[in-house]
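Engineer: Can you keep this structure in mind? I'll have questions shortly.
The values are calculated or read from the model by the stated rules, or taken from the named source; none is laboratory data. Since the structure is predicted, the reported quantities are computational estimates derived from the model, not experimental observations. Note that each Cβ is placed from the backbone with ideal geometry, even for glycine, and that neighbours are counted across all protein chains shown. Areas reflect the complete protein model, heavy atoms only, side chains present, ligands, DNA and RNA absent. Shrake-Rupley method; radii C 1.70, N 1.55, O 1.52, S 1.80 Å.
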Amino acid sequence: MPLPFLTADRAFDDVADDAALPFEDRDRWRRPYRPGPWRVAAAAVLLLLASYVLVAAVIIAAADALPGAAACAGLAVLIIAAALRLLRMGTWVSAQGLRRVAFLTTHTVPWAQVSSVRTAQQPVRWLGLPRTVQGQALILVRKDRATGEQRLLLTDRNADFLARRTAFDRAADTIEVWAEEYRRTA
């Protein structure tokens, strides 16, 4: 008795046809890994805080203090926006290039400007804090810069990969494959 729901929307015979980049629409920006538990937990705490602030805004509005209620509602909207941006942070890839989304900034590098993407052993920040520890990092080297500017894409100690070594290796390998494929065609 076949159980197609156990095959992740494909038949067992299709395993030999697996490509390194099995995506239908390669022009769409996608993050080749899932957000880590630290990042999701921080966003959940922020959303919980926003719910409390919204309840406070309703209570303040019921007490006929509309400017205070508006201030609380505005603060809740800012907290929700911060939680969503926190979840969106990371490295994204598409056929156009490689995108690094930070909390306040976003940098996009077209594949034509990518010299290499490689994994290196070096001191990295632990959870983005000033403390550095020895770890692995995925580094982007641009060829349009005179000095060969290097930009850190991922580390095994950030909020997505802390205590998830195999997830970091898988994500780094996937991004390196995207880079290798699209640098050849760019």
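Engineer: Considering only residues that are in contact (Cβ under 8 Å) with a residue 12 or more places away in the chain, out of contact with any helix residue (DSSP H, G or I) (no Cβ under 7 Å at 6 or more places or on another chain) and not in a strand (DSSP E or B), which ones fall in segment 105-127?
Structural biologist: Ala112, Gln113, Trp126
Engineer: Sticking with this structure for a sec: Would you please list the contacts, defined by Cβ atoms under 6 Å and residues six or more apart or on different chains, that run from a residue in segment 32-61 that is touching a residue at least 40 places away in the same chain (Cβ under 8 Å) and under 27 Å from Leu153 (Cα atoms) to a residue that is of a type in the set (Phe, Trp, Tyr) and in a helix (DSSP H, G or I)?
Structural biologist: none
Engineer: Is there a residue being open to solvent by 80 Å² or more (accessible area, probe 1.4 Å), closer than 30 Å to Ala179 by Cβ and outside any helix (DSSP H, G or I) anywhere in segment 28-45?
Structural biologist: Among the residues of segment 28-45, at least one is open to solvent by 80 Å² or more (accessible area, probe 1.4 Å), closer than 30 Å to Ala179 by Cβ and outside any helix (DSSP H, G or I), which makes the answer yes.
Engineer: Quick one: in segment 161-176, which of the residues that are of a type outside the set (Ser, Thr, Tyr) and open to solvent by less than 40 Å² (accessible area, probe 1.4 Å) is farthest from Arg118 (Cα to Cα)?
Structural biologist: Once the filter is applied, the top-ranked residue is Leu162.
Engineer: Continuing with the same structure: Among the candidates Thr132, Thr91, Thr105, Thr174, which residue alone is farther than 22 Å from Asp27 by Cα and out of contact with any His (no Cβ under 7 Å at 6 or more places or on another chain)?
Structural biologist: Unique residue meeting the criteria: Thr132.
Engineer: If you check Leu78 against the conditions, is it in a helix (DSSP H, G or I) and out of contact with any strand residue (DSSP E or B) (no Cβ under 9 Å at 6 or more places or on another chain)?
Structural biologist: Numbers: in a helix (DSSP H, G or I): yes; out of contact with any strand residue (DSSP E or B) (no Cβ under 9 Å at 6 or more places or on another chain): yes.
It is true that Leu78 is in a helix (DSSP H, G or I) and out of contact with any strand residue (DSSP E or B) (no Cβ under 9 Å at 6 or more places or on another chain).
Engineer: Going through Ala82, Ala102 one at a time, which residue ends up being open to solvent by less than 50 Å² (accessible area, probe 1.4 Å), among the small types (Gly, Ala, Ser), under 28 Å from Tyr52 (Cα atoms) and at pLDDT below 95? Show your work before the answer.
Structural biologist: Details: Ala82 fails: at pLDDT below 95.
Within the list Ala82, Ala102, the selection yields Ala102.
Engineer: So, of the residues in segment 143-158 that are out of contact with any strand residue (DSSP E or B) (no Cβ under 6 Å at 6 or more places or on another chain) and at pLDDT below 85, which turns out to be farthest from Trp38 (Cα to Cα)? Working first, answer last.
Structural biologist: Kept after step one, since they are out of contact with any strand residue (DSSP E or B) (no Cβ under 6 Å at 6 or more places or on another chain), are these residues of segment 143-158: 144-147, 158.
This time we only want the ones that are at pLDDT below 85, so: 144-147.
Values: Asp144: 35, Arg145: 34, Ala146: 37, Thr147: 35 Å.
Per the criteria, the residue is Ala146.
Engineer: Name the residues in segment 128-181 that are in contact (Cβ under 8 Å) with a residue 40 or more places away in the chain, part of a loop (DSSP other than H, G, I, E, B) and not aliphatic (A, V, I, L, M), would you?
Structural biologist: Residues satisfying the conditions are Asn158, Asp160, Phe161, Arg164.
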